[in-house]
Amino acid sequence: MKKKEIHSPDQLVSFYQEMLTYRRFEERVNLAYTQQKFSGFCHLHIGQEAVCVGVQAALQPDDYVIAGYRSHTLAIAKGIPAREVFAELFGKVTGCSRGKGGSMHMFSKQHRFLGGHGIVGGQAPLAVGVGFAIQYRAEKNIIVCYLGDAAMNQGQVFEAMNMAATWKLPVLFLIENNRYGMGTDIRRTTSVDRLSKRALAFDMAHSEVDGMNVLTLHTHVRDIVADMRKNPAPYLLEVMTYRYRGHSVSDPGAYRTKEEVQDFQKKDPILQLASVLREKKLAGDKELTEWDEIIKAEVKEAERFADESPAPELAELWQHVLVES
Amino acid sequence: MALLTFREALGQAMDEEMARDPNVFLMGEEVAQYDGAYKVSKGLLQKYGPKRVIDSPISEGGFAGLGIGAAMVGLRPIIEMMTWNFGIQGLDQIINHAAKMHYMSGGQFTVPIVFRGPNGAAHMLGAQHSQNLDPILTHIPGLKVISVATPADGKGLLKAAIRDPNPVIFLESEMMYGMKGEVPDDADFILPIGVGERKRTGHNVTIISWGKILHKAMEACAVLAKEGIEVDLIDPRTLVPLDEALIFESVRKTHRVVIVEENWPFSSVGSHISDRIQSECFDDLDAPVARVSQEPVPVPYAEHLEERALPSVERMVEAVKRVCYRAV
């Protein structure tokens, strides 16, 4: 009997195009940074595109997402238009945080994207608060709390996981394990060989998944989320991924070998899915090239929007410190 | 009016606001089954159940953040810190998240939350349980900070804090929980945040003081009155936003000011108020602004040392006489 196809052709194409969009987006962002169009810290997601694509496809639009500082593409995946993310990077008033957040602080109340946060692990208690509110109001949603591998050594993350587990709150703690906390190999600072094992301390369900294969990742997360909706409880998922670029755009990455980076690039999520598309005759060179051209043009257009948008008025400086009643 | 203790007044404020708004909940260490470490939340678990009155683990950073996250999506948490000394563990969440969320998100998210608990030295609790966080908390843009001294002010301003759309820090004191005072019964008794009160009227000198130490300042006023010095005693009640108009009005009347605070002197709330007075009332002053603060040492345990570390009635009287150019 033929194995049932989990992903429809449309879904495969869409996953591919989304991942490529995030790759091209971050490349364009990197270029704009090197052209000194904007400044500050800028953390790229290149290499990790499968994660948010697979996760987002497993969520409902009204589920919540909260993240750390590497979150341009997570914000777009949650529904924030790419041009508003680009405009935010340029500090423009059309940015998703009116130019007052920046690279690390993308927000959208409408899309239930609760930030972009710059204090490592600080978003974990916030996520538990959202989980608490979901339970308080007897809603069916979940919140995904993206964390980097190094955030797993923050005390507040332990506090957050303990509360989530004790009160059975629907929080999916999702570690994007790209192996490095800035320039420090996570193995040099962590007592466990697998970060997901930390869940054992809280009697919390947990697993690991390949973050370079969007299809594996998607089906895995989809099953977890389905179960969380039926039986609300937190979950710790360790996604094994890799960033090709430095910690931030100014980091040359001298702490790791070229070979290591190349090894992961061989497992590139976009290339892997391209092979699937070719095998299934859903796309060939012609289509892949065409899509790439379209996506590049879209990203360029997002940048043009950011370029041409106005900066916030000076009056914005004093606005939003407190809610004006 | 009813004669209530400070703890009863605060409990009543929470009770009334929980009855009024189902989104209000209380979380903290020992707030539920134990009825509160200082019994402020007495009876609330019984009345509202474990869904809305929740005993937290001893994880101040964790449950401060939980409150902030819940507030971002529409709940109205009251987070009790058993003492603000433990609240220091939660300062990362308060400073890095609560205070900045509205601003960083370009006005999209609001954090309607109250962090409340006792602040400052009590009696012989040692250095780690005797700190006053006014200066740290008032320093951070994006927070409102309230420090009250009477049961009525406690009730009226705590209710206002719970209804406020911003993160509000509400500072209490272990030593005040048993103090009694007349408190209005009206379930809609609310005091506006940012409005101070003249606790005593006089024309010779202004004392500005707030929180628990205000009670010692009142004693000093009584001592001074016997010597013919009438003090205009101003209680800002809210430190952020500060009722500068009331302060300046008093200074322009008396021309002499003593600020009495239970803060360490360096970069304190008193130093800020002093700066505002010299900037705005320079020509009205007949003497330099004087301050009576805590000694800049960790608060010691031994009773006589602790007493000397904190502002005393004697030192307040002395400072007032100095600005009045009277012999001390």
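Rule-based calculations on the coordinates, nothing more; no lab input. Predicted model only: the values in this text are computed from it and were never measured. Because the Cβ atoms are built from the backbone with ideal geometry, glycine has one as well, and the counts that use them run over all protein chains shown.
Based on every Cα atom in region A:232-325, Rg and the maximum pairwise Cα distance Dmax equal 21.3, 60 Å. With the cut-off at 23 Å, tell me which of the pairs B:K199/B:K253; A:K230/A:K280; B:K180/B:K226; B:K212/B:K253; A:K168/A:K197 have Cα atoms farther apart than that. Listed pairs above 23 Å: A:K230/A:K280; B:K180/B:K226; B:K212/B:K253. Among B:V297, B:V269, B:V53, the largest mean-square fluctuation in a Gaussian network model of chain B, built with springs joining Cα atoms closer than 10 Å, belongs to B:V297. Length gained on full extension, A:T166 to A:S14, computed as 0.36 nm times the residue gap minus the Cα-Cα distance: 50.9 nm.
Look at the Cα gyration tensor of chain A: its axes a ≥ b ≥ c give a/c under 1.5, and that counts as rounded. The mean number of partner chain beta-carbon atoms within 10 angstrom of a residue's beta-carbon across peptide A:136-145 is 2.
By the count of neighbouring beta-carbon atoms within 10 Å, fewest first, B:I247, B:I58 end up ordered B:I58, B:I247. Entry note, chain A: relative contact order of 23 percent, from Cα contacts under 8 Å with a spacing of 6+ residues. As a proxy for reagent exposure, ranking B:E197, B:E262, B:E303 by other Cβ atoms within 10 Å from fewest up yields B:E303, B:E197, B:E262. Using C-alpha pairs below 8 Å separated by at least 6 residues, the relative contact order for region B:197-323 is 28 percent.
Straight Cα distances below 30 angstrom link A:K286 to the lysines A:K2, A:K3, A:K4, A:K78, A:K266, A:K267, A:K296, A:K300, with same-chain residues fewer than 8 positions distant left out. For the pair A:Q319 and B:L125, label points projected 7 Å from Cα toward Cβ lie 4.2 nm apart. Restricting region B:242-282 to chymotrypsin sites (Phe, Trp or Tyr not before Pro) that sit in a DSSP loop and have at most 15 other Cβ atoms within 10 Å of their own Cβ leaves B:F266. Counted by Cβ distance under 12 Å from A:S309, the other residues give a net charge of -1, where Lys and Arg count +1 and Asp and Glu count -1. From most to least packed by mean Cβ count within 10 Å, the peptides A:244-256, A:306-318 give A:244-256, A:306-318. With only alpha-carbon pairs counted, each pair once and no self-pairs, how large is the Kirkwood hydrodynamic radius of region B:52-100 in angstroms? Result for region B:52-100 stands at 10.9 Å.
Here the simple spin-label model places points 7 Å from the Cα toward Cβ, and for B:E249 and A:D285 these points are separated by 8.4 nm. Pair-distance distribution of region B:197-323: all C-alpha pairs, bin width 10 Å, starting at 0; shares per bin in whole percent are 14, 49, 31, 6, 0. Taking other C-beta atoms within 10 Å as the exposure proxy, B:D35, B:D55 rank B:D55, B:D35 from fewest upward. A simple charge model with +1 on the Cβ of Lys and Arg, -1 on the Cβ of Asp and Glu and nothing else charged puts the dipole of the protein assembly as shown at about 1200 debye relative to its Cα centre. Calculated on the Cα set of chain B, radius of gyration then Dmax: 19.5, 61 Å. Dipole of region A:9-303 computed with +1 at Lys/Arg Cβ and -1 at Asp/Glu Cβ about the Cα centre; of A:L74, A:M152, A:A138, farthest Cα towards the positive end is A:A138. Bridging of B:K39 to aspartates and glutamates at a Cα separation below 14 Å is possible for B:E8, B:D15, B:E29, B:E30, B:D55, B:E80, B:E172, B:E174, once same-chain residues fewer than 8 apart are set aside.
Each residue of region B:168-184 is assigned a 3J(HN,Hα), and the resulting list reads 10, 9, 10, 9, 10, 7, 4, 6, 8, 4, x, 5, 10, x, 6, 10, x Hz, derived from the Karplus form 6.51 cos²θ - 1.76 cosθ + 1.60 (θ = phi - 60°), x at Gly and Pro. With a cut-off of 12 Å between beta carbons, the residues surrounding A:Q156 carry a summed charge of -3, where Lys and Arg count +1 and Asp and Glu -1.
Note on A:194-205: average number of Cβ atoms from other chains within 10 Å of each residue's Cβ is 0. In this Cβ point-charge picture (+1 for Lys and Arg, -1 for Asp and Glu), region B:197-323 has a dipole of about 180 debye about its Cα centre. For region B:2-183, relative contact order (Cα pairs under 8 Å, six or more residues apart, normalised by length) works out to 28 percent. The amide H of A:E208, built 1.01 Å from its N in the peptide plane, has A:E238 as neighbours under 5 Å, considering only residues 5 or more places off or on other chains. Ranked by the mean number of other Cβ atoms within 10 Å of their residues, highest first, the peptides A:123-133, A:80-90 fall in the order A:123-133, A:80-90.
Between B:R276 and B:Y301, the distance separating the two model label sites (each 7 Å from Cα on the Cα→Cβ line) works out to 3.9 nm. Sequence-ordered 3J(HN,Hα) estimates for region A:138-150 from the Karplus curve with 6.51, -1.76 and 1.60 and θ = phi - 60° stand at 6, 8, 9, 6, 10, 10, 9, 10, 6, 9, x, 4, 6 Hz, glycine and proline given as x.
Simple rule: put +1 on each Lys or Arg Cβ and -1 on each Asp or Glu Cβ in the protein assembly as shown, find the dipole, and look at A:L89, B:Q93, B:T83; the Cα lying farthest toward the positive end is A:L89.
Calculated mean residue ellipticity at 222 nm for chain A: -13500 deg cm²/dmol, from DSSP H runs with n ≥ 4 weighted as -39500 (n - 2.57), summed, divided by the residue count and rounded to 500. The helix-based estimate of mean residue ellipticity at 222 nm for chain B, built from -39,500 (n - 2.57) per DSSP H run of four or more residues and divided by its residue count, is -10000 deg cm²/dmol to the nearest 500. Here the Gaussian network model covers chain B, with springs between Cα atoms less than 10 Å apart; of B:N96, B:N85, B:N132, B:N96 fluctuates the most.
Counting Cβ atoms of other protein chains within 10 Å of each residue's Cβ and taking the mean over peptide B:56-62 gives 6. Helices that extend 27 Å or more along their long axis by alpha-carbon positions and average at least -1.0 on the Kyte-Doolittle scale are, among the DSSP H runs of chain A, A:9-34. The Kirkwood radius of the protein assembly as shown, taken over pairs of alpha-carbon atoms, gives through the Stokes-Einstein law at 20 °C and 1.002 mPa s a diffusion coefficient of 80 µm² s⁻¹.
Ranking B:V320, B:Q294, B:F189 by how far each Cα lies toward the positive end of the dipole of chain B (charges on Cβ) leaves B:F189 at the top.
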